[in-house]
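Student: One structure is given below, represented as C-alpha cells, and several questions about it will come after.
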Amino acid sequence: MSNPNLCEQIARTIQANEQKRISFADYMNLALYHPEYGYYTTGAGKIGAGGDFATSPHLCPDFGEMLAEQFWQMWQFLGCTVPFQLVEMGAGQGLIAGDILGYLQQKYPDFFHILDYIIIEKSPGMRRFQAQRLARFTGDSAKRLRWCSWAEIEPESIIGCCFSNELVDALPVHQFVIDRGQLKEIYVTISEIHGELKFVEVLGEISTPKIAEYFAELELDLLGGKYPDGYRSEVNLAANTWLKEVAQRLNRGYLLTIDYGYQCDRYYAPSRHQGTLQCYYQHRYHDDPYILVGQQDITAHVNFTALERYGKQWGLENIAFTQQGLFLMALGLGDRIAAISTTPGLDIATALQRREVLHQLIDPMGLGNFGVLLQSKGLTNEEIGQKLTGFTIPPMR
Ligand SMILES: C[S@@+](CC[C@H](N)C(=O)[O-])C[C@H]1O[C@@H](n2cnc3c(N)ncnc32)[C@H](O)[C@@H]1O
C-alpha cells in the first residue's frame, strides 16, 4: 500500500503547479527523498535481505575489503599524501564504510591513521543509521569518520578518492517519449479513476533545454528515424549536477563509480524501447512507479558514457572502465574463493554459502556485470599511467 501522507504531499505539489503536473524527475525525487515521508527518509532497513533489494556490501564484507585494497594502492600512487580523503557518497546502511575502515585498521594501520573518511548522505534517516553502525570510528579514540554536505567542503580541497556504489541509479530521472515524431516529456498528474485519486502520466513539452543539450552532447539523434514511435527512456540530469559537485571539490585524486548501467549505445538501443526504470519491493521488481508510493525503491540504469562526457566538461579525466566481476577478480576475489577449501575448521555448509556469496559478486548475469568507472583530476601523466590493480583485466565491451 502507498504511504497516504506522501501521496497527499505529492498531490499538493501537483495542485500547486500552474499546469497541475510535475516532471517525472520531481515525482521520483518526492517519492524517494521527501524530507518526511520519502522512501529513503522513512527507514534505513529497506536495503538488505529483509528489505527490498540487496547491494554488494549486503552479501559479505569482501566487497568493502577489496575496495579498501584499491584505496590503499591509490594512496601509494599519490605518494602517501597526508591526509588521504576518502569520500563515500550515498552510503546506505554504512556497511561499506564499516568494512573498509575495519579492514584498513587491521591490515594497513598507517593508512588508517591518516585517513579522513567523509560520508555525504542525502537522507537524514540513513545518516542516523550510519552513525549508529559506525560509532566505533567516530569516538575520540579513533576519530576517522565524519559526515559533510557538499557546502561544507571547500572547492578544490579533496586529495584522495570520491566513490559511490549504487548512488547514481538512485538519482531522480526525467522521462521522455517519442510521440508521433516529436520528443515529449512525461509528467505526472492526478486523475480520479473509479472514485479514487491516482497518479497518472501526461505528455508535454520538454521541461528544460538541458535535455536537448544532453542528447547533443551524446550525439544522439532520437528523431532521425532510428527509433520507433512510443520509444521511451530516461535522462539523468541529476547525475550531471552531482558530477559537477564532485569535480569542483576534487583537487587531486580519483572518482570511482560503481553501478548498474550501460554505455550510451546500449542504453539508448532502439530495442530498449521501454527504458530502464525499475521499482523494487521485497526483492521483486516491476515497472510501475505509481503504486506502493514511498514503500518501494525506484531506480534507473546509469549511462556511463554520459558520466564520461560530462566529467570531461568538469575537468575529469576518464582513466578506465571495467565490469565489477573483472574489477574484483583483479583485486583478489579468485584467491578468496580458492582459500575457502583450505580454511581450517570451516564446516561444509558455511564453506558452500561463502562460495555462493562470493560468486554472486562476480556473476555476469548480476552484480558482476555492474560498471566500474574510474575518473581522475589533478594527476600528472605519470600518475595516470600507473595502473590500478582493479583495472588490469581488459574489460568485455
Ligand atoms: C541504493 S542506496 C545504496 C547504498 C550503499 N551505497 C550500498 O551500496 O548499499 C543509495 C543511497 O544514496 C543516498 N543518496 C541518494 N541521493 C543522494 C545524493 N544526492 N547525495 C548523497 N546521497 C544520496 C540514499 O539515501 C541511499 O543511502
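Student: Computed on alpha carbon atoms, what radius of gyration and Dmax characterise the chain, expressed in Å?
Tutor: Both quantities, over Cα of the chain: 21.7, 69 Å.
Student: Using the heavy atoms of the protein chains alone and a 1.4 angstrom probe, what is the accessible area of the range 300-373 per residue in square angstrom?
Tutor: Roughly 47 Å² per residue, with all protein chains present.
Student: In square nanometres, what is the average projected area of the Cα convex hull of the range 1-109? Mind showing how you got there, number by number?
Tutor: Values: hull surface 39.4 nm².
If I average the Cα hull's projected area over directions, I get 9.9 nm².
Student: Another one. What residues from the range 260-289 fall in the zone where the backbone N is under 16 Å from a label point 7 Å along the Cα-to-C-beta line of E196?
Tutor: Under cut-off, by backbone N: 288-289.
Student: How would you rank 200-212, 127-139, highest first, on the average number of other Cβ atoms within 10 Å across their residues?
Tutor: The packing order, highest mean first, is 127-139, 200-212.
Student: Then there is this: Among G195, L255, F215, whose Cα projects farthest towards the positive end of the dipole of the range 157-271, with charges put on the beta-carbon of Lys, Arg (+1) and Asp, Glu (-1)?
Tutor: L255
Student: Taking a threshold of 30 Å on the Cα-Cα distance, which of the pairs K312/K387; K46/K377; K184/K244; K184/K312 fall above it? Intermediate values should be presented prior to the final figure.
Tutor: On the way: K312/K387 20 Å; K46/K377 35 Å; K184/K244 27 Å; K184/K312 28 Å.
From the list (K312/K387; K46/K377; K184/K244; K184/K312), the Cα-Cα distance tops 30 Å for K46/K377.
Student: If you don't mind, there's one more thing I want to ask. Of the heavy-atom accessible surface of the chain (probe 1.4 angstrom), what whole percent is carbon and sulfur?
Tutor: 51 percent
Student: In addition: Taking the Cα centre of the chain as the origin and placing charges on Cβ (Lys, Arg +1; Asp, Glu -1), which of F129, N381, G51 is farthest toward the positive end of the dipole?
Tutor: F129
Student: In vacuum, with every alpha carbon of the range 166-290 counted as one equal point scatterer, what does the Debye formula give for log10 I(q)/I(0) at q = 0.23 Å⁻¹? Two decimals, please.
Tutor: The calculated log intensity ratios at q = 0.23 Å⁻¹ are -1.53.
Student: Moving on. Taking 7 Å along the Cα-to-C-beta vector as the label spot, tell me the W147-R272 distance in nanometres, rounded to one decimal.
Tutor: 3.4 nm
Student: Amide H of A320 versus every other amide H placed in the peptide plane: which residues, excluding those fewer than 5 positions away on the same chain, fall under 5 Å?
Tutor: Amide H neighbours of A320: L374.
The values are calculated or read from the model by the stated rules, or taken from the named source; none is laboratory data. All values reported here derive from a predicted model rather than from experimental measurement. All Cβ positions, even for glycine, are placed from backbone atoms using ideal geometry, and neighbour counts span all protein chains on display. Ligands, DNA and RNA are stripped out before the accessible areas are found, and what is left, the full protein with its side chains, is counted by its heavy atoms. Shrake-Rupley method; radii C 1.70, N 1.55, O 1.52, S 1.80 Å.
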